[in-house]
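See structure below.
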Amino acid sequence: MNKTSVKIREQSHYDDMLLALLPIILCACVMYSARVLLVCVVAFLTARISDVAMAVIRKQEVDTSDKSSTVAALVFCMMLPVSVPLYIVVVTVAVTVVLGKHAFGGKDVYPFSLAALAMCFAAVNWPNQALAAVTPLTKVSFWSGAAESALSGASQIKAGGLPYVSTINLLLGYHPGAMGSAFILVILSVAVFLLVGKRITWHIPVSFLATCAIIAIVFPRIYGVSRFDSLKLELLSSALIFYAVFMLNEPATTPHNPKAKIVFGVLSGVLTMLFRYFGSYEIGGCFALLLVNATEGFWDRLFSAGGIFENSRSFKAWIAQLGLNKKKAAPVTAGNVEIKKAKKSAARKSADKAAGSADTGNQLLDIISAAEDNIDQVEFTTRTIDVKQALKELEEKQKKEGR
Amino acid sequence: MDRKTKVNRELANWDDTVRRRKVLLSNPVFIKGLALAPLSVAATTLGNSLMLSIAVILILTPTRVITSLITRRMSVPLKTFFYPLTSAVVFGFAYYAMYKVFGTWPLNMGAYLPILVVDPLIVKNFEKTRKESFLYSIINGLRNTAGFVMACILLGTIREFLAYGSIGGLSIISVKLLPMARYSFGGFLIIGVMCALWNMYVNIYHDKLKKEAAGYELNG
Amino acid sequence: MSSMVNAIISFFSYSVLAIGAQNVIFIRGLGLSGGLRMINDPKKDTMYFCAFLTLFQMINSLLVYFLRPLIGFTPFARYTRFVTPVLIVVCCTVSYILVVFVLSIAVQKSTFKRMIYSITSASINSAIVGTIIFTTTLGLTLAETIGFAFGSSVGYMLAMLLIIEGERKIRHDLVPANFRGLPITLIYISVLAMAVYALTGHRVAL
């Protein structure tokens, strides 16, 4: 798969994600009033303006094909209650896009899921407003967002209670909660659409949900009901399925290798349930995802060709894979090898030939040694030195000096 | 010295220029990343920042001066422990003096005053093999102190304003703009952004000097 | 027997506390300056650094635990709080000398040469001093002290692993020039710290 086809694939991913969010936004509008649209439009515009502003500041072309910010903004909105103040949406989306995306380099190179980062930022700063829940089909003030609040199912479970919601209402999302993360049937339909269109793969969502389910069955925290009911409430009364479809499949922040994806999904599931059981916030999945995003590259390296699970390796090589031994893990490029060979024999011979003196040869070796030091010091660049180019530069320098 | 010579000299010895200007160009916090622990966790208000600043004023320069006199012939491994030992002794006196003047306020800072004893801001010089003269140790100590104090006060003010809407305990606005600024992760974020802004200032200053030098060259 | 069981439970519970809720880097910010300088120094080996940090953390915590009450028998009894940092530095020096002496005999010269860069910075830093001050201020028992010290160093190692992994992702030319290096590393650490904070929501105990 070449770079162009990967890029087209990722662009289509975000286009289809936007398409997939449409039915959820529509359902949210029906359940919670037109204010849903207002919040979504504000988030969308903030994300777009932030992207454009950063492009202008960085003196780059505005990339109209980059929809990662807007998708993240809308996914973030769907996890908020309809009563959320607009200033929270604006500040959170702006900070997330500027610091969470562009500060790290921009499109496709940011390390953390933008939607998860935005949700965590809002939850930590304004927990009462960002984690509130609104009763569906009640009056909501369009501009201020004043509405009849209630406890969401996840909050009730966290507090040790038992949400009295029927299974059909859980599946339809007809219970107090966030704007769009509770419409299980709609989300599952959308997931099928994305799977069939190959915009997401099954590895991460299935491994994530299976892990959450196993932990919910083996270590239930809801008492007074059967394990199956406990499992049902854990999976359906919170945004786990929403996370599995919309947040755990972001191309920039998840592994590419299938086995790595499965491990990523399992780890996400374990940490999510850990945060849900012992953490301070019911949105444990978002915080867990940030931590698991930090390990994404490691799993890809481990399962890629040449990784420890592909070939049998000694312990030292495995440690080198972990990246702990900085010196040994330094990439050996063709350029480095060329330099080492040229250093002793070819450089001295050709340098002497070019300038006809040992002094010039030493100067050339100094240039090469300094370049080697730079390559050794900076681990992850792949600068190489062309010996012929170095000779040319030396000759030009000498001509200028009038030798 | 006229402006043109000054500009050319600063550009020609840019590394030296940066090293000497410890308050702005080579700020120990925002450029070198020293003393991050007390600043990110303890410097949440202007008051706490003042306590940290007073502690550094009382410890940094005296430690540097004493160690420059005594460690002239010591090897690096010996210096590794002599520096913190000297700073620990100096800190003991300084801590007691602060307790007598401010009461329990410095004690409420917990471990974040005592860890200054081994912070690279105070003791990082032990890695250098170059001997430091008495006068140079005083000048450099005062420069580093000034750089840290400026960064600390600025950070404490900004964090208190963002987290509580007040400065020095005086309420300025009723809204808390960024409540997370009072936590350690908020501190890391704000210090990171301040570091980026500082880098921008240094780069702008460097570019400005280059343009000025180019202008002088054109005009002859 | 029950006191032994209680001690083991205390050890594990304080270890977990130190790894998570009071993580030495993400929550308490200790050892961060030194850790970042260690990452950028090619002479220092992270594996050795973390291993020696654990060793020195345990040794120094025990030394200070047993020696600090003896200050009460000296003329400095009234000033224990102000003299404790001096005691900690002295203990670090003693443990450093002991460890270097043992390693210089037991280990090959080439390996020892590689280790020594890491030993020096691992033997005395704010992660060790801060943790010891915390345990002495709280008045923890022996098992709790050892557990907290062990958990702190394990938490430090896990945090450094995450940061080193992150450095791979953020060290490229696409990061804006003004953010390269320290700024983007701190922003990266702030996100991880926010995630760890959510596990318990505890404020850092000063």
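The values are calculated or read from the model by the stated rules, or taken from the named source; none is laboratory data. What you are looking at is a predicted structure, and each value in this text was computed from that prediction instead of being measured. All Cβ positions, even for glycine, are placed from backbone atoms using ideal geometry, and neighbour counts span all protein chains on display. Areas reflect the complete protein model, heavy atoms only, side chains present, ligands, DNA and RNA absent. Shrake-Rupley method; radii C 1.70, N 1.55, O 1.52, S 1.80 Å.
When both the range B:15-44 and the range C:166-187 are represented by their alpha-carbon centers, they are found 18 Å apart.
Compared with the dominant Cα axis of chain C, that is its longest principal axis, helix C:109-123 is turned about 80°.
Between the Cα long axis of helix C:46-67 and the first principal axis of chain C there is an angle of about 20°, rounded to the nearest 10. Peptide B:83-91 has a mean of 5 when you count, residue by residue, the C-beta atoms of other protein chains within 10 Å of its C-beta.
Placing unit charges on each Cβ (+1 for Lys and Arg, -1 for Asp and Glu) gives the protein assembly as shown a dipole about its Cα centre, and among C:Ser104, A:Leu114, C:Ala159 the Cα reaching farthest toward its positive end belongs to C:Ser104. The ratio of the alpha-carbon radius of gyration of the protein assembly as shown to the globular-protein estimate 2.2 N^0.38 Å is 1.02. Per atom type, the protein assembly as shown shows carbon and sulfur on 66% of its accessible surface, probed at 1.4 Å. Scoring B:178-188, A:40-50, C:144-154, A:139-149 by mean Cβ neighbours within 10 Å over their residues and listing the highest first yields C:144-154, B:178-188, A:40-50, A:139-149.
May I ask for the distance between the Cα centers of the range C:28-81 and the range A:100-174, given as a whole number of Å? Their Cα centres are 43 Å away from one another.
For chymotrypsin sites (Phe, Trp or Tyr not before Pro), the sites in the range C:20-77 that DSSP calls loop and that have at most 15 other Cβ atoms within 10 Å are C:Phe76. To the nearest 0.05, what FRET efficiency results for A:Gln398 and B:Lys211 with a Förster distance of 22 Å applied to their C-beta separation? E between A:Gln398 and B:Lys211, to the nearest 0.05, is 0.10. About its Cα centre, the dipole of chain C is roughly 360 debye, where the only charges are +1 on Lys and Arg Cβ and -1 on Asp and Glu Cβ. For the protein assembly as shown, the solvent-accessible area of protein heavy atoms averages 44 Å² per residue (probe radius 1.4 Å; ligands and nucleic acids excluded).
Angle of helix C:182-200 to the longest C-alpha principal axis of chain C, folded into 0 to 90 degrees and rounded to 10: 50°.
Toward the positive end of the charge dipole of the protein assembly as shown, with +1 on the Cβ of Lys and Arg and -1 on the Cβ of Asp and Glu, the farthest Cα among B:Val101, B:Ala214, B:Phe30 is that of B:Ala214.
Three principal axis extents describe the C-alpha atoms of the range A:159-218; from largest down they are 39, 28, 18 Å.
Under a point-charge model restricted to the Cβ atoms of Lys and Arg (+1) and Asp and Glu (-1), what is the dipole moment magnitude of the protein assembly as shown relative to its Cα centre, in debye to the nearest 20?
2080 debye
Ranked by the mean number of other Cβ atoms within 10 Å of their residues, highest first, the peptides A:225-238, A:279-292 fall in the order A:279-292, A:225-238. The Rg/Rh ratio for the range C:71-138, using Cα coordinates for both the radius of gyration and the Kirkwood hydrodynamic radius, is 1.12. Peptide C:117-129 has a mean of 4 when you count, residue by residue, the C-beta atoms of other protein chains within 10 Å of its C-beta. Based on C-alpha pairs under 8 angstrom that are at least 6 apart in sequence, chain C has a relative contact order of 42 percent.
Within chain B, the selection of entire DSSP H helices by a Cα span of 18 Å or greater along the long axis and an average Kyte-Doolittle value of at least 0.0 returns B:46-70, B:76-102, B:134-164, B:184-219. Taking a ≥ b ≥ c as the square roots of the eigenvalues of the alpha-carbon gyration tensor, the range A:3-294 is classed oblate because a/c is 1.5 or more while a/b is no larger than b/c.
Distant-in-sequence amide contacts of B:Ile167, defined by a placed amide H-H separation under 5 Å and a gap of 5 or more residues or a different chain, comprise B:Ile172. Exposed loop positions in chain C were taken to be trypsin sites (Lys or Arg not before Pro) whose DSSP state is not H, G, I, E or B and which have at most 14 other beta-carbon atoms within 10 angstrom. Between these positions, the longest stretch is C:44-202.
Does the range C:1-54 classify as rounded, prolate or oblate by the C-alpha gyration tensor (a ≥ b ≥ c root eigenvalues; a/c under 1.5 gives rounded; else a/b over b/c gives prolate, otherwise oblate)? Taking the square roots of the gyration eigenvalues as a ≥ b ≥ c, the range C:1-54 is oblate. Rounded to the nearest 20, the size of the Cβ-charge dipole of chain B about its Cα centre is 460 debye, with Lys and Arg at +1 and Asp and Glu at -1. Our note on the geometry: Cα centres of the range B:157-220 and the range A:15-75, 29 Å apart. Counts of other chain beta carbons within 10 angstrom of each beta carbon in peptide B:175-185 average 6. Taking each of A:Lys59/B:Lys210; A:Lys158/A:Lys198; B:Lys210/C:Lys169; B:Lys32/B:Lys208 in turn, the alpha-carbon distance tops 25 angstrom for A:Lys158/A:Lys198; B:Lys210/C:Lys169.
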